[in-house]
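The values are calculated or read from the model by the stated rules, or taken from the named source; none is laboratory data. In this text, all values refer to a predicted model and were calculated from it rather than measured experimentally. Glycine also receives a Cβ, built like all others from the backbone with ideal geometry; neighbour counts cover every protein chain displayed.
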Amino acid sequence: MNLTPALPACCTALDSHWPLPTVLPDTVLLGTHFDPARLLGDDFLRSAIEAPPSIQRSVAKRQAEFLAGRICARAALQQLEGSSVVPAIGEDRAPIWPAHICGSITHSTGHAAAIVANKQHWRGLGMDLENLLSTERAERLAGEILTPAEMQRMAAASREQLALWVTLTFSVKESLFKALYPIVQQRFYFEHAEVLEWTEAGQVRLRLLTDLSSEWRHGTELDAQFGVRDGQLLSLVSIQA
């Protein structure tokens, strides 16, 4: 029987609360809050998690968010199927999951989470957490993140809605990339997908604007979901088996 190491002081107890509108069956989602100021020099060793060289050289914030994300991922896999695997970082910087598993890890200021599932049930999972942009920052970034059609749709929104719209579009496209990249093995960017519509209840509809494979072609539409809590937006794209 594998004994899971005690949580480091920089991480709170893992939270299994589902933070999004629609619960996905056959998945495990776990989150934690972390405080880089409480990270200790031997926390990786005591947590039985190997820090890659790039993480060893980085600042406390980056080390703490990596550690917190991997702790969530390991615990989620433990809960899903009893394994204690810690996903390593691939050359493309994406987590390396067991071959029969799909999953996603995300973190933003002080919060990390991971979701996992068996590929029998879900082919792809992409999750992204972002701090809500200020209106001023959203206005500056809109042109980099939004397609012309999205910009046009956004023009009808109030200035108060702008920050949510741009944050949501950024986050859900990140989630889309995380869900699809392991399947298509091809990089794509903000201009290669668009948000068609979203509801305040947290439902989102996306469309691809490029061919990624013979299956994932220009015009393919996908669903996503999101939730806002404590000034952060969490989005999830899930592709069923």
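Inspect all residues belonging to segment 84-92 and state whether any of them is at pLDDT 95 or above and either aromatic (Phe, Trp, Tyr) or outside any loop (DSSP other than H, G, I, E, B) (or both). No; the residues of segment 84-92 include none that is at pLDDT 95 or above and either aromatic (Phe, Trp, Tyr) or outside any loop (DSSP other than H, G, I, E, B) (or both). Entry remark, segment 1-45: residues being without any contact (Cβ under 8 Å) to a residue 12 or more places away in the chain and under 20 Å from Glu81 (Cβ atoms) number 4 in total. In segment 46-62, the residues that are closer than 16 Å to Glu91 by Cα reach residues that are at pLDDT 95 or above and among the hydrophobic types (A, V, I, L, M, F, W, C) with C-beta atoms within less than 6 angstrom, at least six apart or across chains, in these pairs: Ala51/Phe44; Ile55/Phe66.
Every condition in (1) in contact with a helix residue (DSSP H, G or I) (Cβ under 7 Å, 6 or more places away or on another chain); (2) buried (at least 16 other Cβ atoms within 10 Å of the Cβ); (3) free of Cβ contacts under 8 Å to residues at least 60 places away in the same chain; (4) under 30 Å from Glu91 (Cα atoms) is met by Ser213 except one, and the failing one is (2). Among residues of segment 176-188 that are in the same structural domain as Phe226 (by TED's automatic domain parsing) and of a type in the set (Lys, Arg), none has a beta-carbon under 9 Å from a residue that is in a loop (DSSP other than H, G, I, E, B) and crowded, with 19+ Cβ neighbours inside 10 Å at least six positions away or on a different chain. Here Arg217 fulfils each of the conditions (1) charged (D, E, K, R); (2) in contact with a strand residue (DSSP E or B) (Cβ under 8 Å, 6 or more places away or on another chain); (3) outside any loop (DSSP other than H, G, I, E, B) apart from (3).
Scanning segment 82-116 for residues that are touching a residue at least 60 places away in the same chain (Cβ under 8 Å) and among the β-branched types (Val, Ile, Thr) yields Thr106, Thr109, Ile115, Val116.
Among the candidates Arg62, Arg137, the residue that is surrounded by fewer than 19 Cβ atoms within 10 Å (Cβ to Cβ) and over 21 Å from Leu7 (Cα atoms) is uniquely Arg137.
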